[in-house]
Each structure stands twice: as C-alpha cells, then as structure tokens.
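This report concerns only the one structure given below.
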Amino acid sequence: MSILIYVEHDNNELKADTLKTVSAAQAIGGDINLLVAGHNCAAVVEQAKNVSGVSKVLVADNAAYANQLAENVSLLVTELAADYNVIMATALTTGKNFMPRVAALLDVAQISDIIGVESADTFVRPIYAGNAIATVQSLDSKKVITVRATAFDAVATDGNADVVNLSQATDAGTSSHVNDEFTESERPDLGAANVVISGGRGMQNGDNFKLLEGIADKLGAAIGASRAAVDAGFVPNDMQVGQTGKIVAPDLYIAVGISGAIQHLAGMKDSKIIVAINKDAEAPIFQVADYGIVADLFDVLPELENKL
Amino acid sequence: MKVLVPIKRVIDYNVKVRVKADNSDVDLANVKMAINPFCEIAVEEAVRLKEAGAATEIIAISIGDKSCQEQLRTALALGADRAIQINTDEKLDSLHVAKLLQKVVEEEQPQLVILGKQSIDSDNNQTGQMLAALTGLPQGTFASEVKIDGDKVNVTREVDGGLQTVALNLPAIVTTDLRLNEPRYASLPNIMKAKRKPLDVKEASEFGLDLTPRTTLLKVTPPAERQAGIVVETVDELVEKLKNEAKVIA
Ligand SMILES: Cc1cc2nc3c(=O)[nH]c(=O)nc-3n(C[C@H](O)[C@H](O)[C@H](O)COP(=O)(O)OP(=O)(O)OC[C@H]3O[C@@H](n4cnc5c(N)ncnc54)[C@H](O)[C@@H]3O)c2cc1C
Ligand SMILES: Nc1ncnc2c1ncn2[C@@H]1O[C@H](COP(=O)(O)O)[C@@H](O)[C@H]1O
C-alpha cells in the first residue's frame, strides 16, 4: 500500500492538521509520502521532512502552484496518483476545493471527511451535520479521501524524510488568482487552539467581542463565532464554527450567547469540555454543555475575566 | 447567458434525523423535505443575474425520483425558466451525479453552472468540483460574491484564512456559500405561474453511463450522545470546576 498526502500550507508554514492526516494514513497502513505544492515554499519542505512516519516528501515548487488553484493542483496530483493506492488531504478549504477534481479525473468516488478507519477500504464519516455516523466501504481500487483532522491525534515531528524535487508545472490556464483578504490575528488558529471561546447573536455587536478577547488572552484561546454572529457582520467569516464552517474539538469550548442549533453543534460537540453562558435556560446548548451558567453574558464575562 | 442550477431534495435543515433501528440508514419516512439550503442560494444568485441583465435563461435540474419535482417547482416559482428532472430511484454517488450533469452541460452549453457547496444530508461537498473536472472548466467554490466581467467571472471565495478572489474564464462552475445572498420567498402568483413552466423528465438510464455504485453504505449509527452536565450558580463555582474537576485550565 502506498499513500500520498497533500500538505496544507501557505508557502511558509505547514498547517499542523496535516500531522493528524498522517496519523489517519497510518491507520490505513503503508508507505506514506507527502506532497508540498506551492511556490517559494522551502520553509514548508523543511517542516515536512520532519514529519514522523513519512518516507518521502515530493516538492512541486512552481509559480503555477503559488495560490494552490484547484485547476492546476488537481492536474498535478492526478498525474502523481498513478503511483499510489490512496490519495489523502485534510478536509480544510484547500483540500475540499481540489480533491473532488482529482477523484473525478481518476474516475473514483471521494470519501469526504473521514473520522475513522475500519480497514483499508472501510471508513467512518459523519453525515446529516453529525446527527448520524456512516460506515462506508469504497469499491474503487484507488481511494481519494479527505480527513477530518479533529478526529485523529497528530504524529510527532522527529522524522527525516527524503526530499524529491518534481519538475511539473501544470497550468490549466483557465483561472487566475486576483487577491486574498486574510484576517490577521495574533491568536492561535481555531483548529489548533486548546481553548476556544465563541460568541453568538447574543453578543449584540462586533465591539462586544472585546469582552471575549480579555478571556481569550488569559486562556491562550482562539475566538470563534456562530453563523448568526458572522451573518450580522459582528466578525469575519473565517471565525464561523459549525457544519459549514470550521470543525473544532478543543479541550475547552466556551459558547457565549449561542443557542446551540444543530449546525453549530456539528462543529464543536466533540470538544472535551463545553461551557455554555446563556440567559435562556431552555437553550439547546445546555443539553451538550458540561457546565452551564444561566445568566446575562454582560454580567458573566467581566467577572470571568477577573477571576481567571 | 444561460445558467444551469442543479438542486437537490434533502431533509429540511430544521429537522433532526433519526437513525433506523436496524442501522441500515437514517429514517426519512414522513420527514419534511426541502431544497438543499445551498441550492436555494444558487437559484437566487441565478435569478439576480437575470434581473441584472447578465443571464437570459435559468434551467433548474434535479436528479432523483419523482418527488424531487416538488423542489423543481419551487425553483421555477423562485424564477427559473424551465426544469429538468433526471429520474432515478438509486442513491447515486456524487461522481455519478456529476457525470449526469456533465451530459446536460454538453447538451445545454450553459455559460455558468451554479451549485450548492454541499448537500446537508451527505455533507459530501464534491459534486461541483467533480463536474468542473469532468467538463474541464474552472471553478469558484464556496462563493460569497459572483461578478460577471465580460468573458470572465470573478468569484470571491470563503477560505480558512478569510477571503480569496479568483478570476475564471467563462464558461465556469460556481458553488455557493451561505453568505452569497439571502434567498427570497416565492410569491403566490409565482407559485401558480410555476405550474405551467416546462418540466422535462429524462431517465438516468438513457444517458449511456455506468452508474454502478462505487461505495457501499455498511451501517449508520447515532453519534455518541453527550450527557448534559450541570448548571453552576456563580462564576466562582465555574472557575473552580474548570480547575479542579475538569482540569482544563490552570
Ligand atoms: C445550511 C445551513 C448551515 C448552517 N451552518 C452553520 C454553521 O456552520 N455554524 C453555525 O453556527 N450556524 C450555522 N447555521 C445557522 C444555525 O441554524 C443557527 O441559525 C445559528 O447557529 C444561530 O446562531 P446563534 O446561536 O448565535 O443565534 P440565536 O439562535 O439567535 O441564539 C442567540 C442566543 O443568545 C442568547 N442570548 C441573547 N442575549 C443574551 C445575553 N445578554 N446573555 C446571555 N445570552 C444571551 C439567547 O438566549 C440565544 O440562545 C446554518 C444554517 C443552515 C441553514
Ligand atoms: N441529486 C442531485 N440533483 C441535482 N443536484 C445535485 C444532486 N446532488 C448534488 N447536487 C448538487 O451538488 C451540490 C453539492 O452536493 P454534494 O457534493 O452532494 O455535497 C448540491 O448543492 C447540488 O447543487
């Protein structure tokens, strides 16, 4: 069995979730290679070399992959796929974007967002916003899989893989990158933080998210939000937690002014400890919370910040 | 410019599904069904393009059994001009849905295909990208803004770090994210009018495709239930519990 894993990165940093995807690959078993496709991404290659359990790092460093456009990356990965039984990527926005193209070009079905490996061809994945868990067997000889990182533990970074430079430079020529508007933040990534504190519609406006910042500073937490808070323009879209936003599973998740709709729960209910702060004792969030406070968030938050 | 909008009939997003006692699948008997919310946003976007003079004709298409005609009628009431049902009783893999859509794209030659980014039942998030690959077209997935600009379309995408804008040569494939627009409600006169709009039915078996399943659903189980915990009375108590009982803060 040979497995190729696409490395998530931004040309500077290897996204830590890739380490969890490697552990999903180890559960399948076989020779594991990584692919770094990007431009001026030597720093990422250095980090990829150290990922445990990996024998080779393939590097496609070319302007065609600078923004990891799906049209170009999918051609590269499809070409490399000839040598592998399993192609994997983390179910983040890059992998979700190009992997189904790879599957279609290889004429195989994709198994999205796996949370468990039963055997080399049988995988476990959530459906219906996590309200049901499906066990699916793939009948294709080649497997194309995306992995929900929160379901796997990260592998260590004490490896020493060989680096193989590729000469491919496939540019489909049908799309181009215009610009990025990335949110700058000093805080840990939502996906990587041990503590996440999220605000919902109950926060009333964007300014009030400052009340979460003081607490986040003390706990080293990332800040998230419900869709209602994002829709209302309180905070940017990349903070959304849920079925269609980010999936998080920190040690501690604090939901503030969030009712607990199934779509929100889908993104956080695998957190180890859940705390809910909500003035409505009937809010569904209390059904999943380990500790709840039924109170006005504007009273609770300043006091909580003081007492931490 | 012709716009093709694939829509899927799914469980209503407010309904919490239950797993069947024999663990063979979820139980959809007597459950409220609706257009997949992302597909509704796709229809709305197409209608707005038509209202803005950029689109001339909107074709809604759904692949499924006869019951999906209900969702096609809704799409017609929302502003689609005509509809196509590809009839099948099978639960198809996204790959097969994409292959059928590819055939329709070849026949209809739309300049733009707008799909939802994800079905809220399978949570696959595959079909649009697969269709793009099969047709060799560029894609703008997870769109929060779509701007036609001559023979190109600029799509602003919701990505993990924020927003990314790409320029795609037309024809192109777009998949919608939630913030692209807020769908309108169908008015009563438009619901009446929709009954007379054309709805073609084709058999999936007529397309000459091998639609043999590539995956087998072995079982479906309910997720691990979380136990509701306790309600604490004071912030002091909360901090004490988090430190000493849960041990998640120092
Ligand atoms: C297809 C689809 C996908 C979706 N995906 C997502 C997703 O990924 N993530 C997501 O979050 N949602 C998602 N949603 C939306 C979801 O259904 C809910 O609408 C949303 O989660 C509600 O956000 P909320 O809890 O902040 O707002 P509300 O439901 O309005 O709840 C606000 C809560 O704040 C409390 N509150 C108000 N004031 C105070 C106060 N002063 N002190 C304490 N408590 C207070 C209220 O009691 C209430 O419980 C999706 C919906 C659809 C249709
Ligand atoms: N059976 C179907 N009929 C029509 N369109 C579909 C069907 N299945 C999926 N789609 C389209 O593909 C999108 C993504 O679906 P999926 O890849 O299943 O998550 C949906 O929002 C629809 O636009």
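Points to keep in mind about this one:
- Cβ-Cβ contacts under 6 Å between residues 6 or more apart (or on different chains), taken from a first residue in the range A:225-245 that is more than 15 Å from B:Gly161 (Cβ to Cβ) to a second residue that is among the hydroxyl-bearing types (Ser, Thr, Tyr) and crowded, with 23+ Cβ neighbours inside 10 Å, are listed as A:Ala225/A:Ser198; A:Val241/A:Ser198.
- Of the strands (runs of 3 or more DSSP E) entirely within the range B:143-200, those holding at least 2 residues that are within 16 Å of ligand 1 (Cβ to nearest atom) occupy B:152-159, B:172-176.
- Of the residues making up the range A:203-232, those that are of a type in the set (Gly, Ala, Ser), surrounded by fewer than 23 Cβ atoms within 10 Å (Cβ to Cβ) and within 23 Å of the chain's Cα centre (by Cα) are A:Ala216, A:Gly220, A:Ala228.
- Assessment of the range B:12-25 against the conditions (crowded, with 18+ Cβ neighbours inside 10 Å and within 12 Å of ligand 2 (Cβ to nearest atom)) yields no matching residue.
- Residue check, B:Glu45 modelled with pLDDT of 95 or more, away from ligand 1 (no atom under 12 Å from the Cβ) and not in a loop (DSSP other than H, G, I, E, B): yes
- Selection within the range B:62-77 - more than 16 Å from ligand 1 (Cβ to nearest atom) and out of contact with any helix residue (DSSP H, G or I) (no Cβ under 6 Å at 6 or more places or on another chain): B:Gly64, B:Asp65, B:Lys66, B:Ser67, B:Cys68, B:Gln69, B:Glu70, B:Leu72
- So A:Val147, is it within 21 Å of A:Leu92 (Cα to Cα) and more than 8 Å from chain B (Cβ to nearest Cβ): yes
- Residue match in the range B:226-238 (condition: more than 9 Å from every other protein chain (Cβ to nearest Cβ) and exposed (fewer than 15 other Cβ atoms within 10 Å of the Cβ)): no
- Every pair of residues 6+ apart whose Cβ atoms lie under 7 Å, when the first sits in the range B:66-85 and is farther than 16 Å from B:Leu188 by Cα while the second is hydrophobic (A, V, I, L, M, F, W, C) and part of a helix (DSSP H, G or I): B:Ala83/B:Leu72; B:Ala83/B:Ala75; B:Ala83/B:Leu76; B:Ile84/B:Val104; B:Gln85/B:Cys68; B:Gln85/B:Leu72
- Among the residues making up the range B:201-250, those that are closer than 30 Å to A:Glu118 by Cα and assigned to a loop (DSSP other than H, G, I, E, B) are B:Asp210, B:Leu211, B:Thr212, B:Pro213, B:Arg214, B:Pro222, B:Pro223, B:Ala224, B:Glu225, B:Arg226, B:Gln227, B:Ala228.
- Residue satisfying condition, being within 17 Å of the chain's Cα centre (by Cα) and among the charged types (D, E, K, R), within set B:Asp89, B:Asp123, B:Asp81: B:Asp123
- Of all the criteria given as (1) assigned to a loop (DSSP other than H, G, I, E, B); (2) surrounded by fewer than 17 Cβ atoms within 10 Å (Cβ to Cβ); (3) more than 14 Å from chain B (Cβ to nearest Cβ), the one not satisfied by A:Ser141 is (3).
- Filtered by the rule that a residue be farther than 27 Å from A:Asp238 by Cα and within 9 Å of chain B (Cβ to nearest Cβ), the range A:86-127 gives A:Ala104, A:Leu105, A:Asp107, A:Val108, A:Ala109, A:Glu118, A:Thr122.
- From the list A:Gly199, A:Gly224, A:Gly260, the lone residue that is of a type in the set (Gly, Ala, Ser), outside the structural domain of A:Ala149 (by TED's automatic domain parsing) and on the phi > 0 side of the Ramachandran plot is A:Gly260.
The values are calculated or read from the model by the stated rules, or taken from the named source; none is laboratory data. Computed from a predicted structure; not experimentally measured. Every residue, glycine as well, gets a Cβ built from its backbone with ideal geometry; the counts of neighbours run over all protein chains shown.
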